[in-house]
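In what follows, a structure is listed as structure tokens, so that the remarks can point back to it.
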Amino acid sequence: DSPLREFGPARRLSGFALPFEPLRKARAALDGQMIDLMLTAVAGAVGAWHRAHGHDHVAEVMTLVPINLRPRQEQGLRAGTGNRTTGVMVKLPLGEDDPIARFGEIHARMQERRAHPMVEYLPTVPEVLAVLPRPLFRRLSRASSQAVNLIVTNVPGIMQTRYVAGARITAGYPFAPLAPRCPVSIALYGYDQNLFVGVDADRVAMPDLPEFEQMLRTAFAEVVEAARTA
């Protein structure tokens, strides 16, 4: 029943930056993963947005979250390997006002999805689908994308300053593409002690993107403060 179903021809981009150190401290205090903390803030903002539009009855939104399947010791430049990624779908709770309780629920749901036996096989699914007749492939792709309201992706970043031709790179805003019938994507990227947040939204589904950006800022601040005082 979420209004995040509408889809039109126009897109709108928005981005902002947050200091990374308070987020790192909050993650450590809550004893979870950074993606759990980020999803907690996103769920708070998406819940506030639904309530602001009179959709208090929407309790959850189905969210596609890309994850890296490689163990930590096999990640990074020194490993000499790329990411082995897949996407898990998790329902973000929108009705929980307490950021700590919301974090706990999202952490449990993400752990459950990561532990599912099918996760290891998901990267091979596109190869299987590629041999299907094109009409059937399109039908399956459209059906799967219509089940998703939101995309949230955390792109591993670089905390050290980088330069191009001697010029210091001051910011890096990530933007993830939208899937068919999935009108909003939120990408997060850490660089030079900041978290850069990029929102790609369909104008029909979310005509008030600046207001949603402010809700995101507020939700991140609430999670950091709740973790500090917990």
Protein accessible area in the stretch 162-212, 1.4 Å probe - carbon and sulfur %: 56
Computed accessible area, L18, all protein chains, 1.4 angstrom probe, square angstrom: 30
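Sort V152, V204 by heavy-atom solvent-accessible area, probe 1.4 angstrom, most to least. Each step should come with its number before you reach the end.
Values: V152 0, V204 80 Å².
Most to least solvent-accessible, the answer reads V204, V152.
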Amide H within-cut-off set for I67, under 5 Å, with H built and near neighbours excluded: T86, G87, V88
Range of Cα positions in the stretch 161-230 per principal axis (Å), largest first: 42, 38, 18
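The values are calculated or read from the model by the stated rules, or taken from the named source; none is laboratory data. A quick note: this is a predicted structure, and the numbers were derived from the prediction, not measured. Surface areas here come from the heavy atoms of the whole protein model, side chains and all, with no ligands, DNA or RNA. Shrake-Rupley method; radii C 1.70, N 1.55, O 1.52, S 1.80 Å.
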